[in-house]
Amino acid sequence: MPPDNLTAPDVQKVPWWRSPAIRALLFQLFLVCGILAFGYYIFNNTLQNMEQRGITTGFDFLSNEAGFGILKSLIEYDETHTYGRTFLVGLLNTLLVAALGIFFATFIGFFMGVARLSSNWLVARLATVYIETFRNLPLLLQIMFWYFAVLRPLPRPRESLSLGDSVFLNNRGLFLPEPVPEPGFWMVMTALLVAIVAVFFIARWAHRRQDRTGAQFPVFWVGGALIVGLPLLVFLLSGSPMHWEYPALKGFNFRGGLEVIPELAALVLALSIYTGAFIAEAVRSGILAVSHGQTEAAYALGLRPKVTLKLVVIPQAMRVIIPQLTSQYLNLTKNSSLATAIGYPDLVNVFAGTTLNQTGQAVEVIAMTMGVYLTISLLISLFMNWYNKRKQLVER
Amino acid sequence: MNSKRVVGLGAATLLSLAGLAHAGQTLDAVKAKGFVQCGVSTGLPGFSAADEKGRFRGIDVDMCRGVAAAIFGDADKVKYSPLTAKERFTALQSGEVDMLSRNTTWTYTRDTSLGLNFTGTNYYDGQGFLVAKDLGVKSATEMDGASFCIQAGTTTELNLADYFRSNKMEYTPITFDTSDQTIKAFEAGRCDALTSDQSQLYALRIKLKDPNSAIVLPEVISKEPLGPVVRQGDDEWFNIVKWMLFAMINAEELGVTSANVDDMKANSTDPNVRRLLGVEGVKGEWMGLTNDWGYNIVKHVGNYGEVFERNVGMGSPLKISRGLNALWSKGGIQYAPPIR
């Protein structure tokens, strides 16, 4: 605190327009008003121009009949459904690719990241080669490569490769038997749910008991046995209320069963291998960020290497890894829009492609599509930030 | 970032910032910049494709060249924008191109709700099917459950759906951005058949390693009148593109060719020919052009028959017969209002 005699004896009252606080506020207000006015001008002018040029505007087209077919849909769809439905079909297909991609990329990434730090020379070098190759090739090329590498060598439907007459592989896709639940299958699902809830409570109990007494409980094995065993038991007791629907060659292609189209396979393969390489580097950086002293300290306390990795290294590494992981997940989701290059019916292909062209309403369709990617990205971001908060170092 | 979104964004931006159109604006702008910006396809032999010297050639390209000849007396004053089917209308709406000549089907929706005008039909087409010979299919009605490679954003997509729905058959569409991708996927065996306008099927077939391994089925399942498109609201420009094609058709009817046009201009006594070539009667200034606009089109590009034969007819690898595209007086339906 300054001594009293250093303050100016008679400070004139500062007029409000010279006060820094009010000024800062005013300027920000002006800026916001300016941006809003500009936005309004753009919006208005767009509408006016489109009207002048006789271009239809508005979102009425969403309830019109689409009249075109889509290769693969997770929900019921045919030509008689609306353009609004094509939006949902595209959106779900995008989410499917993103979810599968994130799952496999994470798996590959963690595996390769740890492998690159392996003390085994061959394993470490192989991981390095993988990372440096796939990280440095353009994604679009990789998608094309997998698409044509997956497609070209496979036989035509009539000469399909088959496994026990129930799994078929040809250049139209992979055909698997589909489990069809019969009435009574709900009991099995209930058993599964019960098992999952039970495992959750067992894990909590085991954790508390260990905190209290130090005694450990094999949660992983008991939990695994419960989740697999309980539904299986109910399934057998209730008389197997499920049958398999086998794919069968009918006319030009296989019908029935589960179908994995080559577009999806190529896209998920390319996205997860490409993003996996980046995640591997994130994982490596995370592990290297934990000082070796931590490991040595853990060994000094008598922890075995596996336990050290699980309880000391990884929890600390995660703090470095998660933020990078978030941006990789976002990248993967946005990159999934490259699907359009190989004809996978994602949002960009179906909605911002065919629907846009059939209706000609570019402004509305593109705005909706951008809105979707923004929303998905923000949601992933939100979730990962929450996860990051939970994993952060709790400072006391 | 992929190109579709760039076009979409570009359209949004241009529509946001551009001023309003007025009649004559396009011609003034074209004259000022000294060339016609023409939207063509990304590569379809016979319609618009680059030749071995890198110059665009084809029946659609000749529409652009005809307009340039009418305006500048020089058919080479054209710059081309290769567009996919998905990009084409946005590119025209946003003013990225002055005219679109890209085997585009004239339909009600496109003519009325997109802010565009079709100026005529330079090729009467219909949708057909290309199948591998060893598939053993003789007719489209045998194709229940088959999968089809198609180009996104085309009337093809809609016709296919209609055809299979009305015949109570199932099908799987596999949609690609460019016709080039469709033929590659067809060759790779991803689909049983490729469906598109018949002219395109012949054009795409010569891209196959062995063109004889595939056949075009006899069925034609739709009407596809293909023609040039301009923006709505500029009637003068609309007239120029419309009458360019009419002049070509009239020239064929009157027997005026690029070879004899100079002779005809000097010596012909037929008043129809004299009006077409701007020697007497009508004035080019009614469209903002010089009187010899018709002469320039025939001289530098040719009459409709020449354009057809050179690009898709017997003088080309496609060897498509005139069929519907013959003059009305020779069994076809190509017909143009008189120049008088």
(request) Quickly work out the B:Lys319-to-B:Val216 label distance, labels modelled 7 Å from Cα along the C-beta direction, and quote it in nm with one decimal. (result) 1.2
(request) Evaluate E = 1/(1 + (r/R0)^6) for A:Asn388 and A:Tyr40, where r is the Cβ-Cβ distance and R0 equals 41 Å; express this FRET efficiency to the nearest 0.05. (result) 0.65
(request) For a footprinting-style exposure proxy, rank A:Arg319, B:Arg65, A:Arg53 by other Cβ within 10 Å, fewest first. (result) A:Arg319, A:Arg53, B:Arg65
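What helices in chain A pass both tests, a Cα length along the helix axis of 20 Å or more and a mean Kyte hydropathy of -0.5 or higher, using whole DSSP H runs?
A:20-52, A:83-116, A:121-135, A:185-213, A:219-237, A:262-289, A:314-335, A:362-391
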(message) Using only DSSP helix segments of four residues or longer, with each worth -39500 (n - 2.57), what per-residue ellipticity at 222 nm results for chain A after dividing by its residue count and rounding to 500?
(response) -21000 deg cm²/dmol
(request) Convert each backbone phi in segment B:219-227 into a coupling constant with the Karplus relation 6.51 cos²θ - 1.76 cosθ + 1.60 (shift: θ = phi - 60°), then list the ³J(HN,Hα) values in order as whole Hz, x for Gly and Pro. (result) 5, 10, 9, 7, 9, 10, x, 9, x
(request) Determine the relative contact order of chain B: mean sequence separation of Cα pairs under 8 Å and six or more apart, normalised by residue count, in whole percent. (result) 21
(message) Below 11 angstrom from the Cβ of A:Met384, what's the summed charge of the other residues (Lys, Arg +1; Asp, Glu -1)?
(response) +3
(request) In Å and from the alpha-carbon atoms only, list the Rg and Dmax of chain B. (result) 20.5, 63
(request) Give me the compactness ratio for segment B:127-222, meaning the Cα radius of gyration over 2.2 N^0.38 Å. (result) 0.95
(request) Towards the positive end of the charge dipole of chain A, with charges on Cβ (+1 Lys, Arg; -1 Asp, Glu), say which of A:Gln361, A:Val194, A:Val167 has the farthest Cα. (result) A:Val194
(request) Treat the count of other C-beta atoms within 10 Å as a stand-in for reagent exposure and order B:Met99, B:Met244 from fewest to most. (result) B:Met99, B:Met244
(request) Mind putting a number on the dipole of chain B about its Cα centre? Charges go on the C-beta only, +1 for Lys and Arg and -1 for Asp and Glu, and I need it in Debye to the nearest 20. (result) 280
(message) Could you tell me how far the Cα centroid of segment B:29-98 sits from the Cα centroid of segment B:187-226, in Å?
(response) 25
(request) Rank A:Ala24, A:Gln392, A:Ile261 by how far each Cα sits towards the positive end of the charge dipole of chain A (+1 on Lys, Arg Cβ; -1 on Asp, Glu Cβ) and give me just the farthest. (result) A:Gln392
(request) Among DSSP beta bridges lying fully in segment B:127-222, give the percent that are antiparallel, nearest 5. (result) 50
(request) Return the single residue from B:Trp243, B:Trp328, B:Trp106 with maximal mean-square fluctuation; model: Gaussian network over chain B, springs between Cα atoms under 10 Å. (result) B:Trp328
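Counting DSSP beta bridges with both partners in the protein assembly as shown, what percentage is antiparallel, nearest 5? Don't jump to the answer; show the numbers that get you there.
On the way: 37 of 54 bridges.
Antiparallel bridges: around 70 percent, rounded to the nearest 5.
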(message) At a threshold of 8 angstrom on Cα-Cα distance, excluding pairs fewer than six apart, so keeping six or more, what relative contact order does chain A reach in percent?
(response) 21
(request) Diagonalise the Cα gyration tensor of segment B:178-325 and give the resulting equivalent ellipsoid semi-axes, square root of 5 times each eigenvalue, largest first, whole Å. (result) 38, 18, 12
(message) With unit charges on the beta carbons (Lys and Arg positive, Asp and Glu negative) and the dipole taken about the Cα centre of the protein assembly as shown, which residue among B:Ser329, A:Val313, A:Ala99 sits farthest to the positive side?
(response) A:Val313
(request) Order by neighbour count: A:His292, A:His207, fewest other Cβ atoms within 10 Å first, most last. (result) A:His292, A:His207
(message) Using the Kirkwood radius over C-alpha pairs as Rh, can you work out the diffusion coefficient of segment A:189-254 via Stokes-Einstein at 20 °C, viscosity 1.002 mPa s, in µm² per second?
(response) 147
(message) Quick test of the membrane-span-like rule: which DSSP H helices of chain B reach at least 18 Å along their long axis (C-alpha atoms) with mean Kyte hydropathy at least -1.0?
(response) B:3-17, B:59-72, B:235-254
(message) Against the empirical 2.2 N^0.38 Å scaling, what ratio does the C-alpha Rg of segment A:207-345 come to?
(response) 1.62
(message) What does the C-alpha gyration tensor say about the overall shape of the protein assembly as shown? Classify as rounded when a/c is under 1.5, otherwise prolate if a/b is larger than b/c, or oblate.
(response) oblate
(message) Suppose every Lys and Arg Cβ carries +1 and every Asp and Glu Cβ carries -1, with no other charges. What dipole size does the protein assembly as shown come out with about its Cα centre, to the nearest 20 debye?
(response) 2600
(request) Could you check the simple spin-label distance between A:Arg156 and A:Arg208, using points 7 Å along Cα→Cβ, in nm with one decimal? (result) 6.7
(request) Classify chain A as rounded, prolate or oblate from the Cα gyration tensor: take a ≥ b ≥ c as the square roots of its eigenvalues, call it rounded if a/c is under 1.5, otherwise prolate when a/b beats b/c and oblate if not. (result) oblate
(message) Restricting to bridges with both residues inside chain B, how much of the DSSP beta-bridge set is antiparallel, in percent to the nearest 5?
(response) 55
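With +1 on each Lys and Arg Cβ and -1 on each Asp and Glu Cβ, how big is the dipole of segment A:119-232 about its Cα centre, in debye rounded to the nearest 20?
360
Taking GluC sites (Glu not before Pro) that fall in a DSSP loop and have at most 13 other Cβ atoms within 10 Å as cut points, what is the longest piece of chain A between them?
Working: sites that count: A:Glu76, A:Glu395.
By the stated rule (loop sites, at most 13 other Cβ atoms within 10 Å), A:77-394.
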(message) Please return the longest range in chain B lying between exposed loop sites, taking GluC sites (Glu not before Pro), DSSP loop only, at most 11 other beta-carbon atoms within 10 Å, and leaving the sites out.
(response) B:53-279
(message) Among the listed pairs B:Lys242/B:Lys265; A:Lys72/B:Lys223; B:Lys31/B:Lys77; A:Lys72/B:Lys168; B:Lys86/B:Lys209; B:Lys133/B:Lys207, which have their C-alpha atoms separated by more than 21 angstrom in this model?
(response) B:Lys242/B:Lys265; A:Lys72/B:Lys223; B:Lys86/B:Lys209
(request) Evaluate E = 1/(1 + (r/R0)^6) for A:Ala124 and B:Ile206, where r is the Cβ-Cβ distance and R0 equals 51 Å; express this FRET efficiency to the nearest 0.05. (result) 0.45
(message) Give the lysines reachable from A:Lys389 as a straight Cα distance under 30 Å; neighbours fewer than 8 places away on the same chain don't count.
(response) A:Lys306, A:Lys310, A:Lys334
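Each reported figure results from applying straightforward, stated rules to the coordinates on display, with no laboratory input. Note that this is a predicted model, so its numbers are computed, not measured. FYI the Cβ positions are ideal-geometry reconstructions off the backbone, even for glycines, and counts take in every protein chain you see.
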